[in-house]
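What follows is a single structure, written as structure tokens, with notes after it.
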Amino acid sequence: MLIGRPAGIRPSEITPETVFRQRRTLLRAAGLAGAATLLPRAATAADAIPARYRRLPGIRRDPSTTLGAPNTFAEVTGYNNFYEFGLDKTDPAENSGQFRPQPWRVAIDGEAGVTGSFDYADLLRPHPLEERIYRFRCVEAWSMVVPWVGFPLGALLKRFRPTSRAKYVAFETVYRPEEMPGQRSRTLDWPYVEGLTIAEAMHPLTLMTVGVYGVELPNQNGAPLRLIVPWKYGFKSIKSIVRISFTERQPPTTWSAAAPGEYGFYANVNPQVDHPRWSQATERRIGSAFFSPKQPTLPFNGYAAQVAALYRGLDLVRNF
Ligand SMILES: Nc1nc2c(c(=O)[nH]1)N[C@H]1C(S)=C(S)[C@@H](COP(=O)(O)O)O[C@H]1N2
Ligand SMILES: [Mo]
């Protein structure tokens, strides 16, 4: 849908965000600006979701996490990082067709009272699904706004009764070179691993994610189970998780092992700490015209009010 361009605005300034704001103003003028009408792009994009993606039942929307108009389903599923399926942003959508996310089991081990191997359905069953619209920030200076579906990771972790020695939580991606062509080359040290402090893992913003746009996760987005840690760079949000371990020591993480000078364990979004090869001070919204102005990057990706307290007393320049 196209909205008429008001006089005085150059075409280069028309981004999806300004279109969204104009429409919201029009709706408000018409007395229609209820919660359901605040997402015109989501509604149109959702109509275009291919029928092969199963709808997830009983999702309730968490309005407190809404941050602007979401990117389209096509953008969220067509521009990805998932090196198990290749290095280019279009590779995951093109090369993940052979991947089988069901059946799926997750191993729970380490410093916890309850450990073992659990079926995906049993991990999900007691947790009501929430839709949360989060800004998702990649390290290469681009961002998206995505309606993820999941539940708080902390609610799941508590079921395994972590001991007082559990200071960190480690995550591991599945290793299936027969289904993941990228794993047949040693581009990274497979399997992909990630980690959080226990406080980060228990933070209510950290989402155990099972869907997007009301449907189960497409393979390229990390089916059937991935993390979303919205105040961190995208590489922390590990996909297709098969193991969760409670550990006493900081666990190794794939990108900081591959390039320790470039990627740290914390990876909190921070406009003041540049990546050695590019600035992190601004970012481009995927889907906005490449010539439209970049936006300033926000500390903690816009979630500072909720998460800055986790890092009180920590030097965030040294601990990048
Ligand atoms: N297992 C695994 N998880 C991963 C990655 C990966 O290559 N392998 N890429 C990360 C990076 S760098 C980003 S930006 C996000 C991208 O998530 P999206 O494709 O759903 O947007 O996934 C993260 N999780
Ligand atoms: Mo990324």
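The values are calculated or read from the model by the stated rules, or taken from the named source; none is laboratory data. Just so it is clear, the structure is predicted and the values come from calculations on it, not from any experiment. Every residue, glycine as well, gets a Cβ built from its backbone with ideal geometry; the counts of neighbours run over all protein chains shown.
Restricting segment 228-264 to residues that are of a type in the set (Phe, Trp, Tyr) and within 17 Å of the chain's Cα centre (by Cα), the residue that is farthest from ligand 2 (Cβ to nearest atom) is Trp231. Taken over segment 163-196, the criterion of being of a type in the set (S, T, N, Q), in contact (Cβ under 8 Å) with a residue 12 or more places away in the chain and under 21 Å from Thr253 (Cβ atoms) is satisfied by Thr173, Gln183, Thr187.
For (1) modelled with pLDDT under 95; (2) within 13 Å of ligand 1 (Cβ to nearest atom); (3) in a helix (DSSP H, G or I), each residue gets a yes or a no:
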residue: Gln220; (1), (2), (3): no, yes, yes
residue: Leu227; (1), (2), (3): no, yes, no
residue: Pro230; (1), (2), (3): no, yes, no
residue: Ile238; (1), (2), (3): no, yes, no
residue: Val242; (1), (2), (3): no, yes, no
residue: Ser245; (1), (2), (3): no, no, no
residue: Arg249; (1), (2), (3): no, no, no
residue: Pro252; (1), (2), (3): no, no, no
residue: Ser256; (1), (2), (3): no, yes, yes
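So which residues in segment 70-87 are farther than 15 Å from Leu217 by Cα and away from ligand 1 (no atom under 12 Å from the Cβ), if there are any at all? Residue satisfying the conditions is Pro70 alone. Which residues, taken from segment 129-170, are more than 16 Å from ligand 2 (Cβ to nearest atom) and of a type in the set (A, V, I, L, M, F, W, C)? Scanning segment 129-170 gives Leu129, Ile133, Val149, Phe151, Leu153, Ala155, Leu156, Leu157, Phe160, Ala166, Val169, Ala170. Under the condition of being of a type in the set (A, V, I, L, M, F, W, C) and either without any contact (Cβ under 8 Å) to a residue 24 or more places away in the chain or touching a helix residue (DSSP H, G or I) at 6+ places or on another chain (Cβ under 7 Å) (or both), the residues counted in segment 229-264 number 5.
Can you tell me which residue is farthest from Val76 (Cα to Cα) among those in segment 283-320 that are within 19 Å of the chain's Cα centre (by Cα) and β-branched (Val, Ile, Thr)? That would be Val307.
Of the residues examined, Ala267 is not one that is out of contact with any helix residue (DSSP H, G or I) (no Cβ under 8 Å at 6 or more places or on another chain), farther than 24 Å from Trp104 by Cβ and either modelled with pLDDT of 95 or more or crowded, with 21+ Cβ neighbours inside 10 Å (or both). Among residues of segment 139-162 that are of a type in the set (Gly, Ala, Ser), those with a beta-carbon under 7 Å from a residue that is within 11 Å of ligand 1 (Cβ to nearest atom) and assigned to a strand (DSSP E or B) at least six positions away or on a different chain give the pairs Ser143/Phe136; Ser143/Arg137; Gly150/Thr209; Gly150/Ile228. Of the residues making up segment 66-92, those that are more than 16 Å from ligand 2 (Cβ to nearest atom) and not β-branched (Val, Ile, Thr) are Leu67, Gly68, Ala69, Pro70, Phe73, Ala74.
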